[in-house]
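To start, the structure itself, in structure tokens.
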Amino acid sequence: MEIPYTVELRPDTGIYNAKLGIWLFLASEVMLFGGLFSAYVLLRVGAEPGMWPHGWLDVRLGTINTLLLALSAITTLLAWAACKVREFGKFKFFHAATILLALTFLGIKSYEYHDKWIHYQIDLAGGNYPGKIADGHLVEKSADFDLAKKTGSVTLHGRFVDDSRELMDLRSPAARSARLDEITIQAADIKKMENYGPKHNTFTAIYFTLTGLHALHILGGTLVISYLWGPGSRMWRRDPERFTNRIEVSGLFWHFVDLVWIFLFPVLYLT
């Protein structure tokens, strides 16, 4: 039994079935990310004055990832155009470029996540630093509070502050000029030790939710594009028009993923 409207256009919508399906799916995606962006706005507006982080993310890495996704949007479009003019070799090249750009994006995002997992805020009580807060990256990458209790200390590359508010705006002149040293803290002086993972505060929670969900979309899209580049490309020999439509549909999803990042980058990195 042949599936209707895989190539020819539907008389009621003027587009083929797969394109209709992806537009309906993207409409649900708009509602999903729209709800999360709304949550971000409400959380930020409702935050106490001076308690919303600024400058916690590396703008340079965010800019590189933005350029990577923008370039991948071009290569996936060129891959579809190559199929339209029946140049299969160019399609393979441009789709391979899209895959490499996507994997590079995920690699940089993984590095950013790792940086948050080894970055700690330590509340101190008693001992040599009463009431102070230590903030920095672990010198021993595998160290954590449990290890600190076993070894008797933990070593950070960072600084001491008197109030957690001093850690909120890393773009301030005081934060930029702060001296970072290698500091060793005795386990007995540690009141609380927590990395900058999702549970650290409201900002990290919404940051990991938004970017994590987006990264899953990147990964899912990369898997689909990789399939169409590899085993799925066999359809080109028997039905090039239908295969071209599949490339167009995957490209529409990829453009949506790019568009979401265009909103995520300024909201999270630049404000």
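Within the range 59-80, none of the residues are among the β-branched types (Val, Ile, Thr) and more than 25 Å from the chain's Cα centre (by Cα). Using the structure shown, decide if Ile262 is in a helix (DSSP H, G or I) and either outside the structural domain of Ala97 (by TED's automatic domain parsing) or closer than 19 Å to Phe37 by Cα (or both). Judged against the criteria, Ile262 is a match.
For the range 39-46, the condition of being modelled with pLDDT under 95, assigned by TED's automatic domain parsing to the domain that holds Asn245, in a loop (DSSP other than H, G, I, E, B) and loosely packed, with under 12 Cβ neighbours inside 10 Å holds for at least one residue. Among Lys191, Lys199, which is part of a loop (DSSP other than H, G, I, E, B) and either basic (Lys, Arg) or within 13 Å of Phe88 (Cβ to Cβ) (or both)? One residue alone meets the criteria, Lys199. For the range 97-111, a residue qualifies if it is among the small types (Gly, Ala, Ser) and either surrounded by 16 or more Cβ atoms within 10 Å (Cβ to Cβ) or assigned to a strand (DSSP E or B) (or both), and the qualifying residues are Ala97, Ala102.
Go through the residues of the range 190-211 one by one and say whether even a single one is closer than 17 Å to Leu103 by Cα and assigned by TED's automatic domain parsing to the domain that holds Gly62. The answer is yes; a qualifying residue exists. Here Val161 passes the criteria (1) surrounded by 17 or more Cβ atoms within 10 Å (Cβ to Cβ); (2) in contact (Cβ under 8 Å) with a residue 40 or more places away in the chain; (3) touching a helix residue (DSSP H, G or I) at 6+ places or on another chain (Cβ under 7 Å) except the one numbered (2).
Of the listed requirements (1) in contact (Cβ under 8 Å) with a residue 40 or more places away in the chain; (2) assigned by TED's automatic domain parsing to the domain that holds Arg44, Met168 misses just one: (2).
Summed over the range 199-214, the residues that are closer than 27 Å to Leu26 by Cβ, surrounded by 17 or more Cβ atoms within 10 Å (Cβ to Cβ) and more than 8 Å from the chain's Cα centre (by Cα) give a count of 2. Filtering the range 182-199 to residues that are among the hydroxyl-bearing types (Ser, Thr, Tyr) and either touching a residue at least 40 places away in the same chain (Cβ under 8 Å) or touching a Gly at 6+ places or on another chain (Cβ under 6 Å) (or both) leaves only Tyr196.
For the range 244-271, the set of residues classified as of a type outside the set (Ser, Thr, Tyr) and in contact with a Cys (Cβ under 7 Å, 6 or more places away or on another chain) consists of Ile247 only. Out of Ile218, Ile206, Ile185, Ile247, one residue alone is in contact with a Leu (Cβ under 8 Å, 6 or more places away or on another chain) and not in a helix (DSSP H, G or I). It is Ile185. Screening the range 168-198 for residues that are aliphatic (A, V, I, L, M) and surrounded by fewer than 18 Cβ atoms within 10 Å (Cβ to Cβ) and picking the one that is nearest to Asp258 (Cα to Cα) gives Leu170.
Matching residues to (1) closer than 13 Å to Gln186 by Cβ; (2) at pLDDT below 80; (3) buried (at least 18 other Cβ atoms within 10 Å of the Cβ):
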position	(1), (2), (3)
Tyr113	no, no, no
Ile118	no, no, yes
Ile122	yes, no, yes
Gly126	yes, yes, no
Gly131	no, yes, no
Ala134	yes, no, yes
Leu138	no, no, yes
Lys141	no, yes, no
Leu147	no, yes, no
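Whenever a residue of the range 244-261 is under 17 Å from Leu216 (Cβ atoms), its partners that are charged (D, E, K, R), lying with C-beta atoms within less than 7 angstrom and at least six residues away or across chains, give the pairs Phe256/Glu29.
The values are calculated or read from the model by the stated rules, or taken from the named source; none is laboratory data. Everything quoted here is computed from the prediction, not taken from an experiment. As a convention, Cβ positions derive from the backbone with ideal geometry for all residues, glycine included, and neighbour counts pool all protein chains shown.
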